[in-house]
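First comes the structure, then the notes that go with it.
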Amino acid sequence: TAKAISKFHRNVKIKIDKRIRERNLGVYEGIKMSDLGFDALHPPLRPPNGETFSQMSKRVMGFIKEIAKKYEDETVLLATHAGPIYVLLAKATGLDFLSLKAKLLCPNCCVHKFEVDGKGRVKKMRVDEVRHRKQGERNR
């Protein structure tokens, strides 16, 4: 995603940071949830060799606070996955993961806009922006 965006913004440097990767599902990585027979994404569950939603949230927010302080009053683009996006949505709305997942989808290639202050507090948001996608593309 970042490389595709950089084609239109050639002067922007891409930086990769492991802290905004998807939740680590440990031994369940690469296995379809339907094949497991249970929801490995359930927040309190810590898959063997993986992390809980809370652990992922601390990792992601550590990154967000660092970026917010370093680039205060600037625009920063993050290309990430649904898990880290749900972390920001939870901070912005005060809702927990399960409530959010029931109300909001994170379809592929959607754009979420967040305003984060210099201390890493998520203050404003705009979610599920998909106007940039071609008509007829489906949510996956």
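Evaluate the stretch 60-81: report whether one residue or more is touching a residue at least 12 places away in the same chain (Cβ under 8 Å), out of contact with any helix residue (DSSP H, G or I) (no Cβ under 7 Å at 6 or more places or on another chain) and of a type in the set (Lys, Arg).
yes
Answer yes if at least one residue in the stretch 107-120 is in contact with a strand residue (DSSP E or B) (Cβ under 8 Å, 6 or more places away or on another chain), at pLDDT below 75 and either among the polar types (S, T, N, Q) or surrounded by 12 or more Cβ atoms within 10 Å (Cβ to Cβ) (or both), and no otherwise. Working first, answer last.
Step one: filter the stretch 107-120 for residues in contact with a strand residue (DSSP E or B) (Cβ under 8 Å, 6 or more places away or on another chain), giving 107, 110-117.
Then keep just the ones that are at pLDDT below 75; that gives 107.
Now narrow it down to the ones that are either among the polar types (S, T, N, Q) or surrounded by 12 or more Cβ atoms within 10 Å (Cβ to Cβ) (or both): 107.
The answer is yes; a qualifying residue exists.
Would you mind stating whether LEU98 is of a type outside the set (D, E, K, R), at pLDDT 75 or above, open to solvent by 70 Å² or more (accessible area, probe 1.4 Å) and over 18 Å from MET61 (Cβ atoms)?
In short, yes.
What number of residues in the stretch 26-63 are aliphatic (A, V, I, L, M) and in contact with a Phe, Trp or Tyr (Cβ under 7 Å, 6 or more places away or on another chain)? Step through it out loud before you land on a result.
Pass one, the stretch 26-63, residues aliphatic (A, V, I, L, M): 27, 31, 33, 36, 40-41, 45, 56, 60-61.
Applying the additional criterion that residues be in contact with a Phe, Trp or Tyr (Cβ under 7 Å, 6 or more places away or on another chain) yields 36, 40.
Total satisfying the criteria: 2.
Checking PRO44 against (1) within 23 Å of ARG126 (Cβ to Cβ); (2) open to solvent by 30 Å² or more (accessible area, probe 1.4 Å), only one condition comes out false. Which one?
So PRO44 meets the others, but not (1).
Can LYS91 be described as buried (at least 20 other Cβ atoms within 10 Å of the Cβ), touching a helix residue (DSSP H, G or I) at 6+ places or on another chain (Cβ under 8 Å), within 17 Å of PRO43 (Cα to Cα) and not aromatic (Phe, Trp, Tyr)? Please lay out each step first, then the result.
Values: buried (at least 20 other Cβ atoms within 10 Å of the Cβ): yes; touching a helix residue (DSSP H, G or I) at 6+ places or on another chain (Cβ under 8 Å): yes; within 17 Å of PRO43 (Cα to Cα): yes; not aromatic (Phe, Trp, Tyr): yes.
Spelling it out, LYS91 is indeed buried (at least 20 other Cβ atoms within 10 Å of the Cβ), touching a helix residue (DSSP H, G or I) at 6+ places or on another chain (Cβ under 8 Å), within 17 Å of PRO43 (Cα to Cα) and not aromatic (Phe, Trp, Tyr).
Could you list, in sequence order, all residues of the stretch 1-36 that are open to solvent by less than 90 Å² (accessible area, probe 1.4 Å) and either within 24 Å of ASP96 (Cβ to Cβ) or among the charged types (D, E, K, R) (or both)?
If the condition is that a residue be open to solvent by less than 90 Å² (accessible area, probe 1.4 Å) and either within 24 Å of ASP96 (Cβ to Cβ) or among the charged types (D, E, K, R) (or both), then ASP17, ARG19, ILE20, GLU22, ARG23, ASN24, LEU25, GLY26, TYR28, MET33, LEU36 are the ones that fit.
Output the qualifying pairs, or none if there are none: Cβ atoms under 8 angstrom, residues six or more apart or on different chains, first residue in the stretch 29-53 and in contact (Cβ under 8 Å) with a residue 40 or more places away in the chain, second residue polar (S, T, N, Q).
Filtered contacts from the stretch 29-53: PRO43/THR52; PRO43/SER54.
The values are calculated or read from the model by the stated rules, or taken from the named source; none is laboratory data. Here the structure is a predicted model, which is why all the values come from computation and not from measurement. Methodologically, a virtual Cβ is constructed for each residue, glycine included, from the backbone with ideal geometry; neighbour enumeration extends over all protein chains shown. These area figures cover heavy atoms from the full protein model, side chains too; ligands, DNA and RNA do not enter into them. Shrake-Rupley method; radii C 1.70, N 1.55, O 1.52, S 1.80 Å.
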